[in-house]
Amino acid sequence: MNDDRAPLLEVRGLTTEFVSERTGVRRVVRAVDGVSFDIGCGEVLALAGESGSGKSVTALSVLRLVPPPGRIVSGSIRFEGRDLLTLDEGDLRRVRGARIGFVFQEPMTALNPVFTVGDQIAEALEVHGAARGAAARARAVELLDMVRIPEPARRARDFPHQLSGGMRQRVLIAAAMACRPPLVMADEPTTALDATIQADILDLLVAMRRELGLSLLLITHDLGIVARVADRVAVMYAGRIVETGPAPGVLAFPRHPYTRGLLASLPGRVPGTRLEAIPGAVPDLAALPPGCAFAPRCPDRFDACDGSRPDAYAVSPGHTARCFLHGGAAR
Amino acid sequence: MSLIEVTGLVKTFERRQAPWGRPRLIRAVDRVSFAIGEGETLGLVGESGSGKTTTVRCLLRLIEPTAGSFLFRGEQVFGLPASRMRALRRDLQMIFQDPDSSLNPRMTAGGIVEEGLVIHGIGSPADRRARVRELFEWVGLDAGMAGRLPHELSGGQRQRVGIARALALAPAVLVADEPVSALDVSIQAQVVNVLMDLQQRLGLTLLLVAHDLRLVRHLCSRIAVMYRGRIVETGRAGAVFHAPAHPYTRALISAMPDPDPGSQPPRIRYDAAGFDPEAELGEVAPGHWAATSAARQ
Ligand SMILES: Nc1ncnc2c1ncn2[C@@H]1O[C@H](COP(=O)(O)OP(=O)(O)OP(=O)(O)O)[C@@H](O)[C@H]1O
Ligand SMILES: Nc1ncnc2c1ncn2[C@@H]1O[C@H](COP(=O)(O)OP(=O)(O)O)[C@@H](O)[C@H]1O
Ligand code: SF4
Ligand SMILES: [Mg+2]
Ligand SMILES: [Mg+2]
C-alpha cells in the first residue's frame, strides 16, 4: 500500500491555541501541542483518544478551519508538496473538498435540510468545477451507488430527514468522495450510529480505500474501531500524541501507560472482573502540570516524570511512546 | 418466584406521518416477557428504537403500558394506585443516560442525594448526612464534593451522583438506561467498577439497558436481545455470546468492534425482511431461548 516517495500528508510540530480572557485573566488552552504525524498514500491513520484530547482541532487545523478564538501558532502541514499553512485563501479553498474531503461527526448538521441529497452532492461537484448541471446530477447518483445506497436515483431526490442516520452518514461520505480527493478526514463518523450500521460504514470506508486507493485520517475514541480499520494509530492525550505506531503492534503491546489504561478500561474482555480504570479525569488544558501531563493519573509515575515533558522515544521500529519509561536523560 | 416477572408487555404509540394524516399505531414494545431473580443482572440490548427504554419506562410507570403484567415480589405493579406506586419506587430506582439533564442544576450534589430521604421522612438531619457520606463513599466520590453544584462536577462525577441518589433509599432493584454511554472510556470504567462493587456489596438486582455489547457482557449474568419491540433471544450471557441462536443476535455480535488484533469475527448481516414478529421463543438449549418462526419448523 505504501510507496517510498514522500508521504501524502506530513504534519510537523502543529500547535493550536484557544486564548480567552475572562475577568482580566488570560486563559491559554493549547488544544494541539507540537503534533507530528505522516499519512502515506493509501494508508489509514487513526487518531484516538478521549474527548478533549485535541483530535478534532488537529483535523480542523489541517484544513485551517479552526474557529476563532482558535489560532494555529506554529508548525507545518505539507500536503502534495505544499505547506498548507502558508497557502493563500484561494489556493486553500481548492484543496478543501477537492483534494482533502472531510466527514464530520454529526450527520444532520452537516447536511442542509432544504435541499435534496442529490443536489447537495452535485453542488459540491460544481463548486470544485468537477462537473456541472445534468452531468453533476448523474455523477451524484453514481456516488450514492458507490456508497451502497439502494435505489440511488430515487434516493438522490430525498431530503436529509427522509434518510436514516446510517444513510445520511453514507451521503456525507459520498459528498466527501465527490471530487475523488486523495485524502479523506473523518471525525468520529460512526459514533452516533448503531453497532451494525457502524460496522457497515467502517466496512464501506475500508472498501473505498481499497477500490480508490485513498488515504484516510480516521478520528475515533474507540480502540475497537482502530483495530478494525487502521494501519497505524496515534493516541492523543492533552493535546499531544503520546504513542504512535502500527495499529496491531500498539494494541497488542501498548507501551505508554495511558494507552495501556485505555485498553484496560474496555469492558467485556474478562467478564465480571474489576476494570483497571485510570483514576481521575482528563486535566484542564489551561493548567497542565509542568512534567508529563499524564503523571497525576499514571500508575508508573517516578521522580523524573514531574521534572520535564517526555519526548517521543522509539520503542520499536516506527513505534514511539512519549514516556520516560522508554528513554530520556532522567533515566 | 422471581423478584421481577414481566409477562406480555405491550406499549403502542400513535404516530402521524403528517399533521393531517391518520395516526398509525406502532408497537414500540410487543409482547415482551422476562424474569429477573434476586441479585441477578439482566442486560437488555438491541438497536436504537428497538424498545428498550420504552420497556423500562413502562416498568417504572413513567409511561402507562398498553397491556401486560409486571409482578414485583408477586405484587401486580400495573394498575397500582399512585400512593402505593410511590412507596414501591423506593425499591425500584432508575439511573438515566444523561447525567446532565437528570440532576437539578440548582441543588448541590449532597442535596440531590439526600432529597429522597427527606421526601420519605427518613432519619434525622444528622442521620441523613451520615447516610449521604456513606453513599458518596460507595460510589467513589470525595465527601468534599457534596457542596458542589452539578456543573462544577465532571461527567463521571455527575453520573456517580445519579447512582448515589438512586441508592439512597436502599432499593432492591436498580434500572440503568445507558448509564455510561455519555462518558469517556476511562470514566466509563470507573462507573462500571462502582456498579460491580455495589452488586457484590449489596446484592443489588440490576436491569441494564445498553447498546454496547462489551459492557453488557462485562456486567450481566443474563441477556435479552430486542428487535423491533420483540425479545428475539435470551439466555445466560456466556451462552448467548458464544452460541448466538437468532440471526439478528449473530449480526449484532459480529458487528462489535474488538480491540484484540486478529480476533474480529467475520461480519454477519441480518436481513430485516426475514424478521417474523409472530415468532415465539423456543428453548434452543437449557435456559437459552430464541425466536423461531412457526413457518420454519
Ligand atoms: N412518546 C413516544 N411517542 C411516540 N413514539 C415513541 C415514543 N417513545 C418512543 N417511541 C417509539 O418507540 C420505539 C422504541 O423507542 P425506545 O425509546 O424504547 O427505543 P430504545 O430501544 O430505547 O432506543 P435507543 O437505543 O435509541 O435509546 C421507537 O420507534 C420510538 O420512536
Ligand atoms: N471553539 C473552541 N473554543 C475554545 N476551546 C475549544 C474550541 N474547540 C475546542 N476547544 C478546546 O480544545 C481542546 C481539544 O478539543 P477537541 O479537539 O474538540 O477534542 P476531541 O476532538 O479530541 O474531543 C479541548 O480542551 C476543547 O475544550
Ligand atoms: S512519563 Fe512518567 S508519568 Fe508520564 S506516562 Fe511515563 S511513567 Fe507515567
Ligand atoms: Mg472531537
Ligand atoms: Mg433508549
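The values are calculated or read from the model by the stated rules, or taken from the named source; none is laboratory data. Not measured: the values here are computed from a predicted model. Ideal geometry is used to build each Cβ from the backbone, glycine not excepted, and the neighbour counts take in all protein chains shown. Accessible surface areas use protein heavy atoms only, side chains included; no ligands, DNA or RNA. Shrake-Rupley method; radii C 1.70, N 1.55, O 1.52, S 1.80 Å.
Filter segment B:181-197 for residues that are modelled with pLDDT under 85 and more than 8 Å from chain A (Cβ to nearest Cβ) and give the result.
B:Ser181, B:Ala182, B:Leu183
If I ask for residues that are on the phi < 0 side of the Ramachandran plot and open to solvent by less than 70 Å² (accessible area, probe 1.4 Å), which ones from segment B:65-75 would you list?
Of everything in segment B:65-75, those that are on the phi < 0 side of the Ramachandran plot and open to solvent by less than 70 Å² (accessible area, probe 1.4 Å) turn out to be B:Pro65, B:Ala67, B:Ser69, B:Phe70, B:Leu71, B:Phe72, B:Glu75.
Take B:Thr292 and tell me if it is more than 11 Å from chain A (Cβ to nearest Cβ), in contact with a Gly (Cβ under 6 Å, 6 or more places away or on another chain) and buried (at least 17 other Cβ atoms within 10 Å of the Cβ).
Spelling it out, B:Thr292 is indeed more than 11 Å from chain A (Cβ to nearest Cβ), in contact with a Gly (Cβ under 6 Å, 6 or more places away or on another chain) and buried (at least 17 other Cβ atoms within 10 Å of the Cβ).
Here is a yes/no grid of residues against (1) more than 16 Å from ligand 5 (Cβ to nearest atom); (2) under 13 Å from the mean Cα position of the chain (by Cα); (3) buried (at least 18 other Cβ atoms within 10 Å of the Cβ):
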site	(1), (2), (3)
B:Leu3	yes, no, yes
B:Lys11	no, no, yes
B:Trp20	yes, no, no
B:Gly37	yes, no, no
B:Gly43	no, yes, yes
B:Ser50	no, no, yes
B:Thr53	no, yes, yes
B:Cys58	no, yes, yes
B:Ile63	no, no, no
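Considering segment A:40-58 alone, what residues qualify as being of a type in the set (A, V, I, L, M, F, W, C) and open to solvent by 10 Å² or more (accessible area, probe 1.4 Å)?
Of segment A:40-58, the ones of a type in the set (A, V, I, L, M, F, W, C) are A:41, A:44-48, A:57.
A:Cys41, A:Val57, listed by residue number.
Of B:Val175, B:Val191, B:Val185, B:Val180, which residue is free of Cβ contacts under 8 Å to residues at least 12 places away in the same chain, surrounded by 19 or more Cβ atoms within 10 Å (Cβ to Cβ) and more than 26 Å from B:Phe275 (Cα to Cα)?
The conditions single out B:Val185.
Can you spot a residue in segment B:192-206 that is closer than 25 Å to B:Gly43 by Cβ and assigned to a strand (DSSP E or B)?
Yes, segment B:192-206 contains at least one residue that is closer than 25 Å to B:Gly43 by Cβ and assigned to a strand (DSSP E or B).
Within segment A:285-295, is there a residue that is under 26 Å from B:Asp260 (Cα atoms) and away from ligand 1 (no atom under 16 Å from the Cβ)?
yes
What tally of residues in segment B:22-32 results from selecting those that are in contact (Cβ under 8 Å) with a residue 24 or more places away in the chain and either over 15 Å from the mean Cα position of the chain (by Cα) or surrounded by fewer than 15 Cβ atoms within 10 Å (Cβ to Cβ) (or both)?
Qualifying residue count, segment B:22-32: 4.
Only residues that are facing chain B (nearest Cβ under 7 Å) and not small (Gly, Ala, Ser): list them for segment A:251-272, please.
If the condition is that a residue be facing chain B (nearest Cβ under 7 Å) and not small (Gly, Ala, Ser), then A:Leu251, A:Leu262, A:Leu263, A:Leu266, A:Pro267, A:Pro271 are the ones that fit.
Applying the selection to segment A:176-203, what residues are more than 15 Å from ligand 4 (Cβ to nearest atom), open to solvent by 10 Å² or more (accessible area, probe 1.4 Å) and within 12 Å of chain B (Cβ to nearest Cβ)?
Within segment A:176-203, A:Leu193, A:Asp194, A:Ala195, A:Thr196, A:Ile197, A:Gln198, A:Asp200, A:Asp203 meet the criteria.
Given the options A:Gly40, A:Gly34, name the one that is on the phi > 0 side of the Ramachandran plot and away from ligand 1 (no atom under 16 Å from the Cβ).
Numbers: A:Gly40 fails: on the phi > 0 side of the Ramachandran plot.
The unique qualifying residue is A:Gly34.
Which numbered condition in (1) within 12 Å of another protein chain (Cβ to nearest Cβ); (2) open to solvent by 40 Å² or more (accessible area, probe 1.4 Å) is the only one that B:Arg201 fails?
Checking B:Arg201 against (1) within 12 Å of another protein chain (Cβ to nearest Cβ); (2) open to solvent by 40 Å² or more (accessible area, probe 1.4 Å), the one that fails is (1).
Among the residues of segment A:319-331, which ones are at pLDDT 95 or above and part of a loop (DSSP other than H, G, I, E, B)? Spell out how you get there, then give the answer.
Step one: list which residues in segment A:319-331 are at pLDDT 95 or above, which gives A:319-326.
Matches in segment A:319-331: A:Arg322, A:Cys323.
Which residue is nearest to the other protein chains (Cβ to nearest Cβ), if the candidates are limited to segment B:218-233 and must be farther than 14 Å from B:Arg31 by Cα and open to solvent by less than 30 Å² (accessible area, probe 1.4 Å)? Steps first, answer last, please.
From segment B:218-233, those farther than 14 Å from B:Arg31 by Cα are B:218-223; that's our starting set.
Okay, now just the ones that are also open to solvent by less than 30 Å² (accessible area, probe 1.4 Å), so B:218-220, B:223.
On the way: B:His218: 4, B:Leu219: 7, B:Cys220: 8, B:Ile223: 11 Å.
Ranking the candidates gives B:His218 first.
It is to be established whether one or more residues within segment A:207-215 are within 14 Å of chain B (Cβ to nearest Cβ) and more than 25 Å from B:Ile187 (Cα to Cα). Steps first, answer last, please.
Step one: filter segment A:207-215 for residues within 14 Å of chain B (Cβ to nearest Cβ), giving A:207.
Those left that are additionally more than 25 Å from B:Ile187 (Cα to Cα): A:207.
Checked against the condition, which is being within 14 Å of chain B (Cβ to nearest Cβ) and more than 25 Å from B:Ile187 (Cα to Cα), segment A:207-215 yields at least one hit.
Given the structure, is A:Val270 open to solvent by 10 Å² or more (accessible area, probe 1.4 Å) and in the same structural domain as A:Ser51 (by TED's automatic domain parsing)?
Yes: the conditions hold for A:Val270.
Report yes if some residue within segment B:140-153 is open to solvent by less than 60 Å² (accessible area, probe 1.4 Å), within 12 Å of chain A (Cβ to nearest Cβ) and within 16 Å of ligand 2 (Cβ to nearest atom); otherwise report no.
No, because not a single residue in segment B:140-153 is open to solvent by less than 60 Å² (accessible area, probe 1.4 Å), within 12 Å of chain A (Cβ to nearest Cβ) and within 16 Å of ligand 2 (Cβ to nearest atom).
Could you please tell me which pairs satisfy a Cβ distance under 6 Å, a separation of 6+ or placement on different chains, a first residue in segment A:240-264 that is at positive phi and open to solvent by 10 Å² or more (accessible area, probe 1.4 Å), and a second residue that is of a type in the set (Phe, Trp, Tyr) and more than 16 Å from ligand 5 (Cβ to nearest atom)?
none
Within segment A:66-81, how many residues are surrounded by fewer than 21 Cβ atoms within 10 Å (Cβ to Cβ) and within 11 Å of ligand 2 (Cβ to nearest atom)?
Number satisfying all stated conditions: 5.
Spot the failing condition for A:Asp158; the list is (1) under 25 Å from A:Arg93 (Cβ atoms); (2) not in a helix (DSSP H, G or I), and only one is missed.
(1)
Could you run through segment A:103-121 and say how many residues are open to solvent by less than 80 Å² (accessible area, probe 1.4 Å) and modelled with pLDDT of 90 or more?
Total satisfying the criteria: 6.
Does segment A:296-315 include one or more residues that are more than 16 Å from ligand 4 (Cβ to nearest atom), part of a loop (DSSP other than H, G, I, E, B), β-branched (Val, Ile, Thr) and on the phi < 0 side of the Ramachandran plot?
No - not one qualifying residue is present in segment A:296-315.
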